[in-house]
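Enquirer: The structure that follows is given in the form of structure tokens.
The values are calculated or read from the model by the stated rules, or taken from the named source; none is laboratory data. Fair warning: this is a prediction, and the values are worked out from it, not measured in the lab. FYI the Cβ positions are ideal-geometry reconstructions off the backbone, even for glycines, and counts take in every protein chain you see. Side chains included, ligands, DNA and RNA excluded: accessible areas come from the protein's heavy atoms. Shrake-Rupley method; radii C 1.70, N 1.55, O 1.52, S 1.80 Å.
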Amino acid sequence: MSDDCQPPPAKQFSQPIYGRSKLEDFNDRVGAFFRRPVVWFRETIVVPNRKEYAWYHQKFPRVKDIDQCYMDEIDCIYEANEQFKRDKLVDNMILNLLRYRMDDCVREEYPDHAPRCFQLKEDYETAAGNWFSRYGELGGHYHVKEAYMRQKHRMLWERRHGPIGCGMKSDPYSVEPESH
Amino acid sequence: MRGLRPVTTFQAVSATAKMISPTVPFRSIATSLVRKGGHDRIMTITPSRYNWQQYKDQLHFYIFLGVIPLSVLVFLVNVFVGPATLQEIPEGYTPKHYEYSPHPVTRFLARYYYWNPQENYERNLHYIKEQDEIRKMRLMTWKVRDLMRDRGDYPNFFMTKGIHGKYMQHLIKEWDDNKFFHRGD
């Protein structure tokens, strides 16, 4: 499978259009005065003397997660921990992108942002809640075992009290027929 | 008394200058600036210029050996070598570890200075696995030794007087079959 992530093309400065208004002309001329020597230097001296060579994005193959490792397989646990740290970096970036989209939408649509950016806001809030349930409150030196135990505790809490967000029951150990 | 004395006023200086032996005369700054030359050996009292000279030395050192060569190097690298372009990994090719950075200086450092992250990862994994195996062997050794101490049927760690261990095993088997005596485990 190939990634669809391509870097955006390099921005070229748009050519100024003279003749629309005096102020625009003045602005364009001042900009061109500073821009033209730099562009000339780059196009005549810099670009022809460079050789093109490649760099790549590293692809990490998936290894076993922590729930598939036996307790005495220390190498499996180490690899699961490294994979967890890499996944956390990726999820951080994903959450950042969702937040930037929401912020841009709000900034542009203000004061009509409430109905127009609602979907983006919902997406971000859901993603932030999921991120918190997976990676939140682990601290600086975290291990995937702690995250796994956190998941286990959350599932126990949900079994006793119901879905998260519906509140705690007064007697969590009361015998009730399980819904699932 | 020879040697310098800390003096502050002009009169004090000239008074002491007369008291001190004339073989090494010294005068204050005011008189020595006016009369220069001649064959007198004059020692001028001036405030220390050490800090100023040190400052000049260090300024020249860090600019001529630090700022200028590094700036020239960075300029040449950025202008004539330039950063790499992002491309897809070709089929069947494993990029080297330094080919994962775009800038030529980071590529250089990654290639010749820093360790290879893949190699470091695998070496760590091997070290952890080996230490874990040693640990498991030690735990087993201790368990076996404790069992030998409790049961007393092997003369390996502890020398117990009495029945030899191999006869002890037969006895224990008989006792277990007859359920007379159970050794703690």
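Enquirer: Take region B:127-143 and flag every residue that is within 27 Å of the chain's Cα centre (by Cα) and within 7 Å of chain A (Cβ to nearest Cβ).
Expert: Hit for region B:127-143 is B:Ile128, nothing else.
Enquirer: Of (1) within 27 Å of A:Val46 (Cα to Cα); (2) modelled with pLDDT of 95 or more; (3) open to solvent by 60 Å² or more (accessible area, probe 1.4 Å), B:Arg107 satisfies all except one. Which?
Expert: Condition (3) is where B:Arg107 drops out.
Enquirer: Sticking with this structure for a sec: Just checking, does region B:118-126 include any residue being within 14 Å of chain A (Cβ to nearest Cβ), under 24 Å from A:Glu52 (Cα atoms) and among the basic types (Lys, Arg)?
Expert: no
Enquirer: Cβ contacts < 9 Å: first residue farther than 20 Å from B:Val74 by Cα, restricted to region B:95-106; second residue acidic (Asp, Glu), any location; separation 6+ or different chain. Result?
Expert: B:His97/B:Glu119
Enquirer: Taking the residues in region A:69-90 that are open to solvent by less than 60 Å² (accessible area, probe 1.4 Å) and not in a helix (DSSP H, G or I) as candidates, determine which candidate is farthest from the other protein chains (Cβ to nearest Cβ).
Expert: A:Cys69
Enquirer: Which pairs have Cβ atoms under 8 Å, sit 6 or more apart or on different chains, and link a residue in region A:121-135 that is more than 21 Å from A:Asp104 (Cα to Cα) to one that is among the hydrophobic types (A, V, I, L, M, F, W, C) and exposed (fewer than 13 other Cβ atoms within 10 Å of the Cβ)?
Expert: A:Ser133/A:Ile164
Enquirer: Need a quick list: helices (runs of 4 or more DSSP H) entirely within region B:40-121 having at least 3 residues that are out of contact with any Cys (no Cβ under 9 Å at 6 or more places or on another chain) and more than 30 Å from A:Pro61 (Cβ to Cβ).
Expert: B:50-62, B:68-76
Enquirer: Moving to a separate point now. On the basis of being part of a helix (DSSP H, G or I) and surrounded by fewer than 13 Cβ atoms within 10 Å (Cβ to Cβ), does A:Leu156 make the cut?
Expert: Here the answer is yes, as A:Leu156 does meet what is asked.
Enquirer: Would you mind stating whether B:Gly184 is at pLDDT below 70 and open to solvent by less than 80 Å² (accessible area, probe 1.4 Å)?
Expert: So B:Gly184 fits the description; yes.
Enquirer: Something else: Scan A:Gly162, A:Gly167, A:Gly140, A:Gly129 and give me the residue that is open to solvent by less than 90 Å² (accessible area, probe 1.4 Å) and touching a Lys or Arg at 6+ places or on another chain (Cβ under 9 Å).
Expert: Checking each option against the conditions leaves just A:Gly162.
Enquirer: Something else about it: Out of all the residues in region B:59-114, which are basic (Lys, Arg) and away from chain A (no Cβ under 11 Å)?
Expert: B:Arg111
Enquirer: Are there any pairs, at least 6 apart or on different chains, whose C-beta atoms fall under 8 Å, with the first in region B:73-86 and touching a residue at least 12 places away in the same chain (Cβ under 8 Å) and the second open to solvent by 60 Å² or more (accessible area, probe 1.4 Å) and of a type in the set (S, T, N, Q), and if so, which?
Expert: Once the first residue is touching a residue at least 12 places away in the same chain (Cβ under 8 Å) and sits in region B:73-86, its partners that are open to solvent by 60 Å² or more (accessible area, probe 1.4 Å) and of a type in the set (S, T, N, Q) give B:Leu86/A:Gln6.
Enquirer: Moving on to the next point. I want to confirm something. Restricting to region A:32-68 and keeping residues that are part of a loop (DSSP other than H, G, I, E, B) and more than 14 Å from every other protein chain (Cβ to nearest Cβ), which single residue is farthest from B:Lys136 (Cα to Cα)?
Expert: A:Arg62
Enquirer: What do you reckon, is A:Asp112 under 30 Å from B:Ile134 (Cα atoms), acidic (Asp, Glu), exposed (fewer than 12 other Cβ atoms within 10 Å of the Cβ) and over 22 Å from the mean Cα position of the chain (by Cα)?
Expert: No: the conditions fail for A:Asp112.
Enquirer: I'd like the full set of residues that are of a type in the set (A, V, I, L, M) and closer than 30 Å to B:Phe80 by Cβ, limited to region A:11-43.
Expert: A:Ala32, A:Val38, A:Val39
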